[in-house]
Amino acid sequence: MTLVTAQMSVSLDGCYAGPMDPGPVPTGPEGWMNSHEALGFMRITRWVIDAMAWRERLGFAGGERNVNSDVVQETFESAGAYVMGRRMFDGGEVPWGDDPPFHAPVFVVTHRARQTLPREGGTSFTFVTDGVESAIERARIAAGGKDVAIAGGGSLLRQALEAGLLDQLELHIAPVVLGEGMRLLDPAGLGLAPGEAIELTPTRVIQTPEVTHVRYTVNGRSRLVSDDRGRVETSEER
């Protein structure tokens with residue numbers, strides 16, 4: 001069965017990147033890589049950069065074959081198509097080069113139309129202008145029975161979570177406090193009413209010195225209820 005999944009590295013205080021820089025994503029050879037946003041992002045994703053599975057995917061030498069590398073490999077193998085936001089695409093287009101790491105169709109949610117961009121290794125970027133739900137449905141068809149992976153960024157992931165489109169969420173929690181930055185589960189972006197919550201069930205925890213991987217099944221919205229289980233009955237009430 002095709003699942004809609006999401007992976008996100010976060011700090012202990014819930015940030016997936018540093019503070020957003022004003023204006024458009026910087027371009028050029030360095031571009032986004034030197035922005036304040038990127039500095040936080042690169043700290044919490046350090047575990048990925050050191051993983052051999054990631055480095056092999058990008059054609060880089062080195063890296064470690066360890067549990068973290070196995071998690072990266074598993075993620076790539078399970079995804080048949082990806083969905084991402086335009087800001088993430090704009091930031092990654094130059095660093096990814098001609099052979100991006102996805103090796104599968106990628107559907108970019110955007111308000112700015114653009115022709116499909118084919119790349120080497122089986123990656124193609126298709127720009128979808130009618131919303132995240134449409135992009136996920138197109139990705140589901142393209143995935144060929146494998147999973148559809150929400151590749152980021154955080155705003156798009158929140159949209160999918162708010163709309164009830166996400167089946168599985170895996171957080172990679174780096175042991176660092178950034179103090180400020182772009183928070184993944186910003187309540188302003190989840191559309192929750194007062195007294196409402198999104199319930200999740202943890203299904204796997206993998207702990208390493210560099211990062212803790214926690215996988216959740218997303219159960220959906222629920223109403224918060226009063227809980228008096230901690231109340232002690234008096235003798236008169238008995």
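The values are calculated or read from the model by the stated rules, or taken from the named source; none is laboratory data. Computed from a prediction, not measured in an experiment: that's the story for all the values here. For neighbour counting, all protein chains shown are included, and Cβ atoms are generated from backbone atoms with ideal geometry for every residue, glycine included.
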Consider Arg140 against the criteria (1) of a type in the set (D, E, K, R); (2) part of a loop (DSSP other than H, G, I, E, B); (3) buried (at least 18 other Cβ atoms within 10 Å of the Cβ): it satisfies all of them except one. Which criterion is unmet? (2)
Could we say that Gly191 is at pLDDT below 95, in contact with a helix residue (DSSP H, G or I) (Cβ under 6 Å, 6 or more places away or on another chain) and farther than 20 Å from Gln7 by Cα here? yes
For the stretch 35-48, state whether one or more residues are more than 18 Å from the chain's Cα centre (by Cα), surrounded by fewer than 21 Cβ atoms within 10 Å (Cβ to Cβ) and farther than 30 Å from Gly179 by Cβ. no
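Here is a yes/no grid of residues against (1) outside any loop (DSSP other than H, G, I, E, B); (2) modelled with pLDDT under 90:
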position: Thr27; (1), (2): no, yes
position: Trp32; (1), (2): yes, yes
position: Arg43; (1), (2): yes, no
position: Val48; (1), (2): yes, no
position: Arg55; (1), (2): yes, no
position: Gly59; (1), (2): no, yes
position: Ser69; (1), (2): yes, no
position: Glu74; (1), (2): yes, no
Kindly evaluate Leu178 against the criterion of being of a type outside the set (Val, Ile, Thr), assigned to a loop (DSSP other than H, G, I, E, B), touching a residue at least 12 places away in the same chain (Cβ under 8 Å) and in contact with a Cys (Cβ under 8 Å, 6 or more places away or on another chain). yes
